[in-house]
Structure formats: structure tokens, C-alpha cells
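One structure below.
The values are calculated or read from the model by the stated rules, or taken from the named source; none is laboratory data. Because the structure is a prediction, the values reported are computed rather than measured. Here Cβ is always computed from backbone atoms with ideal geometry, including for glycine, and neighbour counts include all displayed protein chains. Note: areas computed on protein heavy atoms with side chains; ligands, DNA, RNA excluded. Shrake-Rupley method; radii C 1.70, N 1.55, O 1.52, S 1.80 Å.
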Amino acid sequence: IAILNGNSDDGVLAGLEENRDAAAKMEEYLEMQSIRNLRTSMADIQNRYSGIPYGWREIDIAAVAARLIFDQKVTVKYAGTTIQPENLKLPDMLRKKSEIGKTDISKRQVVSAAKTREVREFLREYFEVMDVPNDEDSLIKFIIDKFTEQKVYFEELNDRYNTNKYPDRHLVQSTMTIISDILSQQKDNTALIDCVIKKEDELEDSKNALKDVTDFFRSQVGVFDAAVKFAADLQNEFDYLAKDEEAEKALNQIRLITMIPSGTGYNYKLIPDLNGHMAKVKAGHDKLLNTKREELLEIVRQCMAEVHQAANGNVAAHDIITKADEFFTQRKERIAEIKSLALLDGLVPPMWAYKDNACERIERLLKPVPPRKPSQVEEKMNPIPKKFVKTIHRQAVFPAKKLESEEEIDAYVEKMRSYLKTLLQDCDGIQLN
């Protein structure tokens with residue numbers, strides 16, 4: 001029992017030698033029970049050898065059974081499951097009254113040498129190791145430990161698919177099924193080895209099929225994740241990047257490589273190209289950002305100039321000018337910080353609106369004092385008709401256009417003048433927003 005618990009000092013070994021004859025008698029009895037196809041529990045063993053004519057002590061009976069387990073001559077099962085010698089609860093199963101009735105002990109059905117040799121050769125090649133145990137118990141432990149490690153590994157990989165879209169999940173899951181089938185046979189040594197032999201071809205096929213998958217998670221998943229996030233971050237920039245042919249092409253390649261096909265056939269060889277594609281997109285995007293920032297800074301300059309021009313140095317507009325300068329200085333800082341073309345474009349309307357509002361306030365502030373307002377009696381006697389003012393967006397009146405000569409400017413202005421006059425024909429005024 002001490003050896004089963006990992007204690008193999010000389011005193012324990014000597015004690016086992018003294019029990020050799022007793023072990024032989026117990027082995028003969030178990031062999032007879034096997035021939036008769038009779039179930040034998042440790043309770044049966046304890047009762048048999050504690051009574052007449054043997055009179056062995058409970059601890060001695062457990063020790064003899066332990067000797068047979070150590071020599072791999074018997075199989076111990078608890079609740080139908082084969083118990084391996086290193087199981088820490090095995091000593092209790094051999095002698096504890098609450099356990100011995102649930103513990104079966106039988107003459108071991110030795111796995112054939114041919115099967116043992118075949119499975120050892122396969123395991124050496126499959127797990128790419130040189131040292132595969134020779135004895136049955138150690139071989140069984142090796143099989144269970146190795147495939148349990150694989151089961152845990154593939155379960156962890158499968159969990160990663162729950163939050164990210166990666167290729168070939170079906171290969172991971174099919175391998176998990178094969179490994180689960182093997183481990184389901186660990187209750188019986190012979191059944192376990194037979195199952196490994198039966199699954200040899202499936203295991204080899206899955207190993208070959210999963211080579212790209214395991215390489216992906218070992219060394220490529222980082223750049224893949226970075227590319228997926230990179231493309232997602234640029235989702236609102238696609239229309240802008242279309243202005244840079246090389247950047248647009250590189251971005252399309254990133255989206256193509258990170259797109260997981262519904263079936264099979266993912267090309268892992270394209271993943272190393274992702275870094276180069278991302279570099280090209282970033283270079284094109286940075287170039288467009290610089291151009292866009294220059295464009296917005298020019299708008300800031302124009303807005304500030306119009307506000308200052310509207311005040312014309314009048315100290316009465318000092319507060320409005322100061323607040324406008326603060327506002328547009330903050331816009332400059334935001335323009336420098338923002339790294340999205342779409343967000344930069346979003347700054348434009350508020351800046352024009354602020355400029356218009358500031359200029360309107362200055363105009364009202366500096367406007368001459370209006371004449372006396374008529375009294376309520378006068379208003380009732382001479383009511384002022386309400387004017388109908390039509391609101392028009394400036395973009396509709398003044399479309400974007402490149403002008404390269406005085407003639408083109410004159411033509412553009414004349415067209416706008418004609419359009420505004422037409423709008424004025426059926427209203428009292430026009431409000432340009």
C-alpha cells in the first residue's frame with residue numbers, strides 16, 4: 001500500500017517479499033473466480049482471508065492485494081471504473097469498510113503484446129516522443145494523461161472561437177470528438193488500447209489537418225486579431241480611403257484575408273501579408289488625414305477672419321471676439337488629436353454655425369439704435385404684416401466647384417445671383433443657413 005502511495009523504501013519491499021506466497025494464493029483464488037465468471041469484491045476478499053483457516057489481519061489482506069496490483073496481476077474497479085495504481089484513494093478501497101463492498105478485484109486480462117507494441121509505436125509517432133512506457137499500467141497512464149492534455153488544449157482553442165471569428169473551427173471540434181471517444185474508454189485498459197488502435201487513422205488525419213490551425217494559434221493569431229481590429233476601426237473611413245488607390249486595395253486585401261469562409265479552404269499563407277497591407281493603409285490614411293487637417297485649419301482661419309472682420313476693431317464686440325478665439329483654438333487642438341477622417345468632417349458644420357452666430361451677434365450689437373417702437377394702440381391701428389422668409393441651405397445655393405479664371409468666377413456668381421432672385425420671387429426674404 002505504501003508503494004502505491006509513492007513510498008518504496010527497503011522495509012516496505014521486504015514486507016512485500018514476505019507476502020509472496022499469500023499473493024500467490026490470492027491470485028489463484030481470483031483466477032478460479034474468473035473461470036467461473038463470478039464477481040469478487042474486496043469485501044469478499046477481506047471476509048475470505050480474515051476467517052478460518054487464514055486469519056489474516058485486515059491490513060495484511062490489503063497489503064497482499066496491493067502486491068498483486070503492483071505486479072500488474074489484478075485489475076481493481078470502483079463503481080465500474082478501472083482504478084489506476086497511483087490513485088490516492090486506492091488504499092481506502094482495499095480496506096475501508098465503507099468502500100470495499102463497492103470495489104471489485106479480478107484477475108487481469110493482459111493486453112496482448114502485439115497490441116501493446118502497435119499502440120506504443122503509434123503513440124511515439126503521434127505525440128513525437130521517444131519514451132513511451134512498456135508496462136501496461138504506465139502505458140495506460142501515459143495514454144490518459146496525454147489525451148487529457150490534448151482535450152484541455154483543444155477545449156481552450158474552441159472557447160476562443162466563441163468571441164472571435166477564426167478559421168477551421170470544425171477541425172478543432174472534430175478532433176475533440178475523437179479524443180473524447182478515446183477517453184470515454186478509460187474505465188477498461190483493454191478497451192482503451194483497442195480504441196486508440198481503432199482511431200489511429202482518424203488521429204493522424206486530424207493531426208495533419210490541424211497543423212495550420214495549431215501554427216495559427218501559436219504564431220499568427222496576434223497579427224490576425226490586429227488586422228481584424230484595424231479594419232473595424234476604419235469602417236467609417238472606407239469612402240475616404242477610396243481616394244487613395246493603393247490604400248483602398250490594401251484594405252480590401254485585409255478584409256478578404258480576415259473573412260472566414262463558410263466551408264473549408266482558408267488560405268493561412270496569406271496571413272504574413274497582413275502587416276504589409278496594414279502599413280500601406282496606414283500610410284494612405286495618414287496622408288489623407290494630413291490633407292484633411294490642412295483643409296479644416298483653413299476653415300478655422302477663414303471663420304476667425306470673418307468674425308474679426310465683422311467686429312472691425314470695435315471694443316463693444318470684445319467678449320464675442322474673445323469667446324470665438326477660444327472656441328476656434330479648441331477646434332485646432334481637436335483637429336490635431338482626431339485620427340478619423342469622418343470625425344474631422346463632423347467638426348466642419350459646427351464651426352461654420354458658430355462663425356455665423358458670432359457674426360450675427362456682432363452685427364446686432366453694432367447695429368444703429370432702431371427708431372421708437374410703436375405703441376400697442378398704434379400697432380392695432382396699423383398692423384405690420386408678417387413676412388414669409390424662406391430658409392435655404394447654403395450648400396444648395398453654392399455648390400462645390402473649382403474656379404480657375406475670372407470668367408469662371410463671374411459665371412458662377414451670376415448663376416447664384418439668378419438663382420437667388422428666382423427664390424425671392426415667391427417670398428419676402430431668404431434665410432441662408
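Which longest run of the chain has no exposed loop site in it, a site being GluC sites (Glu not before Pro) in a DSSP loop with at most 15 other beta carbons within 10 Å, and the site itself not part of the run? In short, 129-403. What whole-number distance in Å separates the alpha-carbon centres of segment 223-290 and segment 78-121? If we compute the Cα centre of each part, the gap is 58 Å.
Taking every DSSP beta bridge that has both ends in the chain, the antiparallel portion is near 65%.
Per residue, how many Å² of accessible area does segment 258-312 show with a 1.4 Å probe?
I get 59 Å² per residue for this part.
Straight-line cross-link reach from LYS390 at under 25 Å between alpha-carbon atoms covers these lysines, not counting any fewer than eight positions away in the same chain: LYS355, LYS367, LYS401, LYS415, LYS421.
Just to be sure I follow: if Rg is taken over the C-alpha atoms of segment 51-106 and Rh is the Kirkwood radius over the same atoms, what is Rg/Rh?
Values: Rg = 11.1 Å, Rh = 11.6 Å.
Value, to two decimals: 0.96.
Rounded to the nearest 10 degrees, the inclination of helix 20-35 to the longest alpha-carbon principal axis of the chain is 80 degrees. Taking the Cα atoms only, what angle lies between the long axis of helix 136-160 and the longest principal axis of the chain, rounded to 10 degrees? In the chain, helix 136-160 runs at an angle near 10 degrees to the longest axis.
Accessible area ranking (1.4 Å probe, heavy atoms, ligands and nucleic acids excluded), largest first, for ARG255, ARG301: ARG301, ARG255. Expressed as a whole percent, the accessible surface of the chain that belongs to carbon and sulfur atoms is 52, based on a 1.4 Å probe. Legend: Rg and Dmax of segment 43-138, from Cα coordinates, 16.5, 55 Å.
Within the assembled protein chains, the solvent-accessible surface assigned to THR148 is about 60 Å², based on a 1.4 Å probe. Computed from the Cβ-Cβ distance with R0 of 22 Å, the FRET efficiency linking LEU403 to GLU295 stands at 0.85.
Can you give the alpha-carbon Rg of the chain over 2.2 N^0.38 Å, where N counts its residues? After normalising by residue count via 2.2 N^0.38 Å, the value is 1.98.
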